[in-house]
Structures are given as C-alpha cells and as structure tokens.
1. Within the set of pairs 6+ apart or on separate chains, which have a first residue in region 50-77 that is more than 9 Å from Ala31 (Cβ to Cβ) and aromatic (Phe, Trp, Tyr), a second that is modelled with pLDDT of 95 or more and in a helix (DSSP H, G or I), and C-beta atoms under 8 Å apart?
2. Identify, please: which residue in region 69-87 is of a type in the set (Asp, Glu) and within 18 Å of Ser175 (Cβ to Cβ) and is, among those, surrounded by the fewest Cβ atoms within 10 Å (Cβ to Cβ)?
Amino acid sequence: MRTATKIVLLSIVLAVASHAGISQINVYVTAKPSPDQANVGGFVDPLEERRAKERADSAQDIKKRMAKKFHLVDSADTADVIVDVIDRGHATTGDLLTYRDLFGGGLRTSEEQVLAVYVELRASDYKTKFTGLSMTSEQPRATDCIWWRCAAASAAWKIEQWINANRERLIALRSKSKNAAPPVEPGPEKK
C-alpha cells in the first residue's frame, strides 16, 4: 500500500513539474556590443571597453532580477525571449527642477536627469525597446535599488510586464517550433 501511494505521489509531482516547465519562460540576457566596437587597424578604444563593461554590469543586474521569476538560459537558441542591454546613459524625466545657485545666489531651473539603461527585447520576429530609469514612480521600488541597479531593476520590471502580458503567445510559439519538421539535409547531387 505504501509503495502504491509513493508511486501516485511521485506521478503527481512529475506531472506538476512537467507542466511548470512548459509554462516557464526561457530568457537569455546579454550585453550587446556596439557596432563601433570593432578595433579597426588593431587600435583599442578604452572608452568603448569601459562602456562594454558597464553594459555587462547592467546585464548582470537584470539577470539577477529576472532569475526570480523566469528561467534564465545560456543560449539565445533556447530562449523564448532575448534581452540585449544596448546602452547606458542619462535621460530626462520631463520634470523641471528649480534650485538656488550656490555661487550666484539666483534661482536656476533645469530638466531632471536620471540614469537610464536601454534594452532591446526580441521574441520570434518581434522587437521592442525599453528604457529603465533610476528614479521612477511607475514600478515598485526595490530595497537594494541604488544608482545603475535601480535603472536595471526598472528595465527588468518592464520586461517582466511584457512577458506576463505575452506569456501564452510565447508558449504557443515554443510549442509550434518544437512540432515543426526538422530541416531537410540536402542529398548528393544527381548527375
């Protein structure tokens, strides 16, 4: 009797785990090299090397956020969604800040600038871009949200929203590609 119960429980656990694997979205996150990164003539651009490292840092921050809700994969070939960190920089929020000039005593007004992480999301033939901002009220604020991590968390939140809105379509595309006929290898040419 105990063996039968164990078998039934094991079957249930395997069925649930198998179903969870089907509904789990596979995400590949990478830092995209910029097109001008090619070292023409053997010269090295130290500014571009630093920017590539910064993009890689933001990709790692996004991975940490995404790993909590999605299955991260090591290859774009096995991913349902591919996220490329394409740049980091500054963005304006559209808000104006007025402050007292410390040296002249007068008031100054300027647009608020925040840190930004720019990402491109790809799924099948679809592409879209998101900008994660370090200071925004549109998504929940993380407890460890400082500087660039906060901008990466904002981008990850936007990606998560997109994936959740498109989950069923992503799973359908995955199932369709698994059921597709394998490519036909060309045979020897007939003379």
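The values are calculated or read from the model by the stated rules, or taken from the named source; none is laboratory data. Computed from a prediction, not measured in an experiment: that's the story for all the values here. Here the Cβ is made from the backbone with ideal geometry for all residues, glycine too, and neighbour counts use every protein chain on show.
1. Within 8 Å, the pairs are Phe70/Glu160; Phe70/Ile163.
2. Here is the first cut: in region 69-87, the ones of a type in the set (Asp, Glu) are 74, 77, 80, 84, 87.
When the remaining residues are screened for being within 18 Å of Ser175 (Cβ to Cβ), the result is 77, 80.
Details: Asp77: 8, Asp80: 23.
The selected residue is Asp77.
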